[in-house]
Amino acid sequence: MALMHVDFFSDVLGMSMNMDVILPQQTQGQIGMEGMAQDGQYKTMYLLHGMSDDQTIWQRRTSIERYVSQLGIAVVMPTTHLGFYTDTTYGMRYWTFISEELPRICREFFPRMSDKKEDTLAAGLSMGGYGAWKLGLGASETFGAAASLSGALDMVSDFKRNEKEAPERMTLFKGIFGSAAQLEGSDNDLLALAGKLVKEKKELPRLFAWCGTEDFLYQGNLRAWAEMKKLGYELESHTSPGDHQWKYWDREIQNVLRWWLGIEKDLG
């Protein structure tokens, strides 16, 4: 595999941004790992970080490069700061950046990345799980599948919970989403966005989700999963003991890859 650290300018955000990119490479001489590459276009996973992290975190906390080395796919890991993958009320257009500008830039820089939605996955954890499902639901013409690990999927309930339990966070959340009334029913409300996609009779993305039963986001996940299934989405959802920790996400990202690619091989 090739790992690239890319610094580039975003016209949408008006600032320099960063992403780390893993690209397939056919290798035979690496000790303990064999890389695989294929002819043609690469399937691509956009792998999103959570609130406290950046574009480096999946490499620092998991073996993501080793997992994908034998699959011949590309992985894009962008930084999006604390923007919650949203065009914020304070004026930073992180949603437009992640859903429109970033895929276009990646395909310009790396022309072997496929532009087919069935070859493009959004995945992430926590805040990034919210962002991944939002890409699947809100940019379904680009992302044919989306996977959330411990995602903040019921954002309206999370917003109201933070109002009560963590008022010190509300300056941040109101700067991103506005008020609870502005959030509920908007395109930043994943449950409303999912219903809108069904109502418009657009092709629905494939969805995957995992959440630990001791995670503070667990009940919100159960509510979101039930709503998606009610709306007719193809959702594969899993629970197991666990809270909000990397040891679970390291394990589950392997299951995401198996689900997306339809394989059963051991990636560990």
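Shown here are the Rg and Dmax of the Cα trace of region 41-116, at 13.5, 42 Å.
Restriction of the trypsin sites (Lys or Arg not before Pro) in region 74-144 to DSSP coil positions whose beta-carbon has at most 15 other beta-carbons within 10 angstrom yields Arg112, Lys116.
Antiparallel as a % of all DSSP beta bridges within the chain, to the nearest 5?
Restricted to the chain, the bridges split so that about 35 percent are antiparallel.
The share of alpha-carbon pairs in region 186-249 lying farther apart than 18 Å comes to 41%. Note: region 17-62, Cα convex hull, 104 Å³ per residue. Principal axis extents of the C-alpha atoms in region 116-181 (largest first, rounded to whole Å): 42, 21, 15.
Over region 130-253, the reciprocal of the mean inverse Cα-Cα separation, the Kirkwood hydrodynamic radius, stands at 14.9 Å.
Electrostatic tally near Leu3: other residues with Cβ closer than 13 Å to its Cβ, Lys and Arg +1, Asp and Glu -1, net 0. Overall, region 1-142 carries a charge dipole of about 240 debye about its Cα centre when +1 sits on the Cβ of Lys and Arg and -1 on the Cβ of Asp and Glu, all other atoms neutral.
Think of a 1.4 Å ball rolled over the protein heavy atoms: region 122-268 then has 42 Å² of accessible area per residue. Relative to the 2.2 N^0.38 Å rule of thumb, region 77-164 has a C-alpha radius of gyration ratio of 1.13. Placing one equal scatterer on every Cα of the chain and applying the Debye formula, the log10 ratio I(q)/I(0) at q = 0.08, 0.17 Å⁻¹ is -0.30, -1.43.
The values are calculated or read from the model by the stated rules, or taken from the named source; none is laboratory data. All figures in this text were calculated on a predicted structure; none of them were measured in a lab. Counting neighbours? That spans all protein chains shown, and the Cβs are built from the backbone with ideal geometry, glycine included. For the accessible areas, the whole protein counts, side chains as well, though only heavy atoms, and no ligand, DNA or RNA atoms are used. Shrake-Rupley method; radii C 1.70, N 1.55, O 1.52, S 1.80 Å.
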